[in-house]
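What follows is a short report on a single structure.
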Amino acid sequence: MLVTYPKVVVIVLTWNSENDITECLVSLRLLRYPNYEIIVVDNASTDRTPNIVKHSFPDVTLIINKKNLGFGGGFNVGVKEAIKRKADYIVCLNSDVVVDEHFLLELVKVGELSENVGGLCPIAYYYDQPNRINGAGGIVRIIHPKVFGCGEIDKGQYGKTKETRMLCGPALVLKRKALLDIGFFDTEYFYGPEDMDIALRLLKNGYKILFVPRAKLWHKGRGAVGGKITPLIIYFHVRNFLLFVKKHANNKLELFFSIMYFWFFDFPTILLRALIFGNKDYVDAAVKGIIWHINAKLLPSDEEIVKLLRKR
């Protein structure tokens, strides 16, 4: 049992989230934890999301960005506000998530076991298959990161709290002290893989990440760009895979093999997908992702890229 209850600030990032935000915030209201606040950071939605939050959840702090700052930029706005409010724990939550009522309590109980814990990883389930695991920790690596339990029915096989090397993408749970130490979200990615980037920075700085199976959430998985493979997803996949490699390759050999993997496996897979589905926009999006590394000034801003590729 906790003697005191450290302050938790939950940041929900929204962008055209009118179909999800109500259920998400209702689940947060029902949390059985006595010391938490909710902040919604809206990334310039064009739908009813801000109005829903403002009128249906007046107790929730709403921050509206003038433009879409992406995942990292949007969350950083909320993180700065959470730090001003002296949060001990910061939870960065996708808007298409529903949490269990004991979600925060279980996370904090484990987080308080050691000062060396920098991040916590809840167990995620598929929203439409509530007993099927979406993720139960894993291993972050440049090529083929491993997510434990994905697609498995929960039979208790991931029931122990233990160290892991991955955070939960839909719900990044971080200690304020660790976040101040390693730095905020890297805004250069705009859309993915901020969760893996933060996890690696925690581990490289000597912090532990603990998997907490009693902290449960259900993820719809549509996110900001939809649940299917689109030119927009391909653009950010190509661009950010190469960016992630540059930032986190441990040596020149790993950098070389990672780039070879991209050219001889990843990129041909995209070409094959374009051929199968007859969608040349896939190739165009991938080429744009490569061009960004040659000269980003040749492309529109990230916000404009999102608008452009979402139409395809």
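The numbers here are math on the coordinates, done by the rules we state, and not lab data. From a predicted model like this one, the values you see are computed outputs, not experimental measurements. Glycine gets a Cβ as well: all are built from the backbone with ideal geometry, and neighbour counts include every protein chain shown.
Values computed for the structure shown
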item: Max mean-square fluctuation residue, GNM over the chain, Cα-Cα springs under 10 Å, options D195, D181, D96; result: D181
item: Estimated FRET transfer efficiency (R273, Y5; beta-carbon r; R0 45 Å; 0.05); result: 0.40
item: Peptides 14-22, 231-239, 256-264 ordered by average Cβ neighbours within 10 Å, highest first; result: 231-239, 14-22, 256-264
item: Estimated FRET transfer efficiency (I291, H55; beta-carbon r; R0 45 Å; 0.05); result: 0.55
item: Hits among lysines - C-alpha to C-alpha of K7 under 16 Å, sequence gap 8 or more where chains match; result: K80, K84, K86, K109, K175, K177
item: Förster radius 25 Å - calculated FRET efficiency between E115 and N35 (Cβ-Cβ, nearest 0.05); result: 0.85
item: Axial C-alpha extent at least 18 Å, average Kyte-Doolittle at least -1.0 - helices from the chain (DSSP); result: 70-84, 231-248, 280-294
item: Antiparallel content of DSSP bridges confined to the chain, in %, to 5; result: 45
item: Rounded to the nearest 20 debye, dipole of the chain from Cβ charges on Lys, Arg, Asp, Glu; result: 400
item: Taking all pairs of distinct alpha-carbon atoms in the stretch 231-310, Kirkwood radius in angstrom; result: 13.1
item: Relative compactness, the stretch 146-246, computed as alpha-carbon Rg over 2.2 N^0.38 Å; result: 1.18
item: Length added when fully stretched, W263-I83, from 0.36 nm per residue minus Cα-Cα; result: 60.6 nm
